[in-house]
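Quick notes on the structure that follows.
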Amino acid sequence: MSAVCNGSQQQQVHLQHHKNRNEVARRRWKILARALQKTSDIDTTPTNVNDIISVRRFTTFDLVTSRPIILNNGTDDPAASWFEYTATISQNTYSLNIRHPTRSFTAAELIGFNNTGNICVWPSEEVLAYYILCNLQYFSGKTVLELGGGMTCLAGLMVAKYTTAANIHVTDGNISAIDNVQFIVKQNGLGDCAACSVLQWGDIQDKPVGNHISTYDIILSADCLFFDEARQDLIETIWTMLNEDGTAFVMAPRRGHTYEKFAEEAKMRGFHCKSKQYYNEHVWNRHLKLKQSCDYDENIHYPMLLHLRKTYAENSYN
């Protein structure tokens, strides 16, 4: 009798879980619908911390600039526009050609998982890419995974192009995003050093690792902390995919208490967490200058940097 009751309870929990995920999906679609109907900034009035993600009055730290380009290889791509993203560090110039799809996305393509990162290159992804370019030596010989890279996977592909990493795999939960990233990988000639695939965090415990190597030395994640419902799935995915002595670089703004909640739950899972507000002089100086702007809100725009390592590797932490 108890087994039957337990089975019934588990089924109810399972149904409630799906109901909650559907509600989250509908909420995310409303945010995306507003975003995709506009050609410039999104400016809504947030009613809670999750709605804050839709505020786009501030769009860039100007660390990585972009300009429209015409492909010179004769490729016709009517479904997208191409841009060259460029960063200059210590007189060295780094660039990547990025594809911006121009077609409209259907609800079926967008609903059911987190797509907010697919609207544009968010400031945290920009800052993470810049931080990587300032620390290229750290990735030498390492295996690298990017989670939630969106339509561009800008940070992970900068690793692929400009470091001597042993293996780079960029991922997102959206098939449309990964389709777009495949175009970017091909256009930049990165097919031999970068792989890309769909990876939804909630599935990591239920499905085989697939075409991933077993675990990674470095995991990258930019601005993926805003949905409370996805927090545990992201933590479990990082735990499962990170080497015993590996490091995860999680970059995200505080955005209310979402950053702190993620760090707290990561500690409970067994991670050693080290949070940094100051991690790059140029980024910090840009932040201080931007604080004078009424469009800039440190709470939702300035990305903190969180290093995660498994507790038993704490003594080797730098």
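Residue-wise test of (1) aromatic (Phe, Trp, Tyr); (2) at pLDDT 55 or above; (3) in a helix (DSSP H, G or I); (4) not assigned by TED's automatic domain parsing to the domain that holds VAL198.
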{"residue": "ALA108", "(1), (2), (3), (4)": "no, yes, yes, no"}
{"residue": "GLY112", "(1), (2), (3), (4)": "no, no, no, no"}
{"residue": "LEU128", "(1), (2), (3), (4)": "no, yes, yes, no"}
{"residue": "TYR138", "(1), (2), (3), (4)": "yes, yes, yes, no"}
{"residue": "GLY141", "(1), (2), (3), (4)": "no, yes, no, no"}
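May I ask you to verify whether PHE249 is aromatic (Phe, Trp, Tyr) and assigned to a strand (DSSP E or B)? Judged against the criteria, PHE249 is a match. Across region 133-182, the number of residues qualifying as among the β-branched types (Val, Ile, Thr), buried (at least 24 other Cβ atoms within 10 Å of the Cβ) and within 28 Å of THR102 (Cβ to Cβ) comes to 6. Could we say that TYR278 is loosely packed, with under 13 Cβ neighbours inside 10 Å and aromatic (Phe, Trp, Tyr) here? Taking the combined requirement at face value, the residue satisfies it.
Taking each residue of region 258-272 that is surrounded by 15 or more Cβ atoms within 10 Å (Cβ to Cβ) and looking for partners that are of a type in the set (Asp, Glu) with beta-carbon atoms closer than 7 Å, six or more apart or interchain, yields HIS272/GLU314.
On inspection, CYS224 qualifies as buried (at least 17 other Cβ atoms within 10 Å of the Cβ) and touching a Phe, Trp or Tyr at 6+ places or on another chain (Cβ under 9 Å).
CYS134 satisfies every condition listed in (1) at pLDDT below 95; (2) closer than 21 Å to TYR279 by Cα except (1). Scanning region 279-296 for residues that are in contact with a strand residue (DSSP E or B) (Cβ under 9 Å, 6 or more places away or on another chain) and either more than 25 Å from THR60 (Cβ to Cβ) or in a loop (DSSP other than H, G, I, E, B) (or both) yields TYR279, ASN280.
Per-residue answers, yes or no, for (1) more than 11 Å from LEU145 (Cα to Cα); (2) not β-branched (Val, Ile, Thr); (3) not assigned by TED's automatic domain parsing to the domain that holds GLN137:
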position	(1), (2), (3)
TYR216	no, yes, no
LEU225	yes, yes, no
LEU234	yes, yes, no
THR240	yes, no, no
PRO253	yes, yes, no
GLY256	yes, yes, no
GLU264	yes, yes, no
MET268	yes, yes, no
HIS272	yes, yes, no
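The values are calculated or read from the model by the stated rules, or taken from the named source; none is laboratory data. Keep in mind that this is a model prediction, so the values were computed, not measured. Ideal geometry is used to build each Cβ from the backbone, glycine not excepted, and the neighbour counts take in all protein chains shown.
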